[in-house]
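First the structure, in the form of structure tokens, and then the observations on it.
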Amino acid sequence: MKKIYDLPDLFSEQVKELYSAEKQQQSAFKKLFKKIGSEELQELNKKIIEKNELHIKRLEDVLEKLGEPKKIIECKAMKELIDRGLNLSKNCENIEVYEAGLVSVVQCMKHFEIADYGTLVAFADLLNQKEITEILKKSLVEEETHDKELTGLADRSINDRAKLLVVNVD
Ligand SMILES: [Fe+2]
């Protein structure tokens, strides 16, 4: 990360970090959703991946408008969340329990992105970057929608399926 002197510097560095977070998430999702049984969760995953692709393009657009390179600054927070998901994938012996854990991890990712997009929208607005503010707002709304959809799915079926599973370990 380069030295930060003012709000425009902070803004563009945070855009780069979120750009990386979206890309990290996109490649991790392919691994995390490999052994999913719930069709509903698979469908939602497909939708999230499609929107993430759009989020990546929008952030590239923002970086171009800022005259910044599409530089990756690895997002350590996203890496931690991805590792949490990969650990679950390695250690959960039952798909139903893994799915409940996976939904919670993806929701943590969405909450992280909601916080980041929310801040960036506020910064862009303060910096009078009207076009950029509108671009970022679109992604913010989509992240919020996915979070709500994940909550709905967990409440409707995923958590109950995990609860119903009783395993006798002798
Ligand atoms: Fe995203």
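May I ask you to list the residues in the range 108-149 that are charged (D, E, K, R) and farther than 25 Å from residue 79 by Cβ?
125, 130, 131, 134, 137, 138, 148
Return a yes/no flag: does the range 30-43 have any residue that is within 13 Å of the ligand (Cβ to nearest atom) and touching a helix residue (DSSP H, G or I) at 6+ places or on another chain (Cβ under 8 Å).
no
Can you go through 141, 166 and tell me which one is in a helix (DSSP H, G or I) and either crowded, with 19+ Cβ neighbours inside 10 Å or without any contact (Cβ under 8 Å) to a residue 24 or more places away in the chain (or both)?
Answer to the check: 141.
For residues that are surrounded by fewer than 18 Cβ atoms within 10 Å (Cβ to Cβ) and outside any helix (DSSP H, G or I), scanning just the range 20-68, find the one that is modelled with the lowest pLDDT.
35
Away from the ligand (no atom under 16 Å from the Cβ) and either crowded, with 16+ Cβ neighbours inside 10 Å or over 24 Å from residue 57 (Cβ atoms) (or both) - does that describe any residue in the range 144-151? Break it down stepwise before answering.
First, pick out the residues of the range 144-151 that are away from the ligand (no atom under 16 Å from the Cβ): 151.
So of that shortlist, the ones also either crowded, with 16+ Cβ neighbours inside 10 Å or over 24 Å from residue 57 (Cβ atoms) (or both) come out as 151.
So far as the range 144-151 goes, yes, one or more of its residues are away from the ligand (no atom under 16 Å from the Cβ) and either crowded, with 16+ Cβ neighbours inside 10 Å or over 24 Å from residue 57 (Cβ atoms) (or both).
Take the residues in the range 69-86 that are of a type in the set (Val, Ile, Thr) and surrounded by 16 or more Cβ atoms within 10 Å (Cβ to Cβ); name whichever of them is farthest from the ligand (Cβ to nearest atom).
73
Could you give me the residue pairs with C-beta distances under 9 Å whose first residue belongs to the range 62-83 and is over 24 Å from residue 31 (Cβ atoms), whose second residue is among the basic types (Lys, Arg) and in a loop (DSSP other than H, G, I, E, B) wherever it lies, and which are 6+ apart or on separate chains?
63/70; 63/71; 64/70
The values are calculated or read from the model by the stated rules, or taken from the named source; none is laboratory data. These numbers were taken from a predicted model, which means no experiment stands behind them. Using ideal geometry, Cβ is built from the backbone for each residue, glycine included, and neighbour counts are taken over all protein chains shown.
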